[in-house]
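Read the figures in this text as sums done on the coordinates, not as results from a lab. Because the structure is predicted, anything quoted here is derived from the model rather than measured. Using ideal geometry, Cβ is built from the backbone for each residue, glycine included, and neighbour counts are taken over all protein chains shown.
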Amino acid sequence: MIVLETVDLAKVYRGGDGGEITVLDGINLRVNRGEMVAIVGASGAGKSTLLHLLGALDRPTRGAVRIADEALDGLSDEEVSALRNRSVGFVFQFHHLLREFTALENVMMPLRIAGWDDRRARARAAELLDRVGLGARTGHKPSELSGGEQQRTAVARALAIDPAVLLADEPSGNLDHANSERLHDLFVALSRDLETAMVIATHNRSLAARADRTMLLEEGRLTETGVREVVP
Ligand SMILES: Nc1ncnc2c1ncn2[C@@H]1O[C@H](COP(=O)(O)OP(=O)(O)O)[C@@H](O)[C@H]1O
Ligand SMILES: [Mg+2]
């Protein structure tokens, strides 16, 4: 089942001098439930722009996005936010955790926004932190966690609402080798265990190699560079 689809997606930015830059030019992408897709490409190729469009953080200049079988075009800004809040999880290069709150409270936040009562939200957040290997760190604030732990907390937060789609933009871009590997192991394990589709923009070759598919973004277009052989 396809949970994320773009048709002829394009994005043109207008510079202050009136000039235009075409960053994406006819992107057709289909991601199945549970599939892990890596997006690679040079810095400035448009990976972040693409993820913003996929996650409905920005609107395309042309073309369409469908998330969890809902078309975005024609929706009001409020309807787009509601769709995003129930269907999309984001992980960025920097964790963007709220510094005044504990790991547990950070993971509870999207559930509170979604209207969960405190007791259920707490239980779900604790279970997710346990799943990402932070069961013993739930009471720590971001400053009391290592970079790798902060990112794993951000992954738990992104998964809290059980999104159809998880989007990650250079999630290990700020981590050392050991923490990167641990985060990549986690993405692969989650992809195996959950039905969440994942689209991960990354410079990291070892992560790209572990995805089900790797797509190269170049000159505004996506091309498939590798399909992992499925080991039975
Ligand atoms: N809001 C914006 N306004 C104008 N240009 C932008 C904006 N965001 C990104 N760009 C430009 O679009 C191109 C692609 O950027 P980006 O999507 O961040 O690439 P990547 O994530 O692959 O490094 C770059 O040339 C960048 O300068
Ligand atoms: Mg980027």
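Before moving on, here are some points about what is shown:
- Shown for segment 133-196 is the translational diffusion coefficient from the Stokes-Einstein equation, using the Kirkwood radius over Cα pairs, a temperature of 4 °C and a viscosity of 1.567 mPa s: 105 µm²/s.
- With contacts taken as Cα pairs under 8 Å and at least 6 residues apart, the chain reaches a relative contact order of 28 percent.
- Extension gain for Asp185-Leu57 works out to 43.3 nm (0.36 nm per residue, less the C-alpha to C-alpha distance).
- Segment 76-207: radius of gyration and largest Cα-Cα distance (Dmax), Å: 14.0, 43
- Degrees, to the nearest 10: 118-131 long Cα axis against longest axis of the chain: 80 degrees
- For segment 120-159, taking the reciprocal of the average inverse distance between every pair of different Cα atoms yields a Kirkwood hydrodynamic radius of 9.9 Å.
- For segment 111-155, the dipole from Cβ point charges (+1 on Lys and Arg, -1 on Asp and Glu) about the Cα centre works out to 100 debye, to the nearest 20.
- A simple spin-label model places pseudo-atoms 7 Å from Cα toward Cβ; at Glu78 and Asn174 they are separated by 3.4 nm.
- FRET efficiency for the Phe101 to Ala136 pair, using the beta carbon distance and R₀ = 25 Å, is estimated at 0.90.
- Crossing angle, helix 77-87 versus the chain [Cα axis fit, 0-90 degrees, rounded to tens]: 60 degrees
- Peptide ranges 50-60, 1-11 listed from the most packed, as the mean C-beta count within 10 angstrom indicates: 50-60, 1-11
- When the Cα positions of Gly46, Ser81, Ala160 are compared along the charge dipole of the chain, Ala160 comes out farthest toward the positive end, with charges on each C-beta of Lys, Arg, Asp and Glu.
- Shape descriptor for the chain: Rg over Rh equals 0.97 (Cα atoms; Rh from the Kirkwood inverse mean 1/r).
- Euclidean distance of C-alpha centroids, segment 77-123 and segment 31-60, integer Å: 21 Å
- Once the chain from Met1 to Thr22 is taken as fully extended at 0.36 nm per residue, the excess over their C-alpha distance is 4.5 nm.
- Acute angle (nearest 10 degrees) that the helix 177-193 long axis makes with the longest principal axis of the chain, alpha-carbon atoms: 80 degrees
- Inter-site label distance for Glu219 and Arg66 at 7 Å from Cα along Cβ, in nm: 3.0 nm
- Take 156-168, 69-81 and order them by the average number of nearby Cβ atoms within 10 Å per residue, most first; the result is 156-168, 69-81.
- Net dipole in debye of the chain [+1 Lys, Arg Cβ; -1 Asp, Glu Cβ; about Cα centre; nearest 20]: 460 debye
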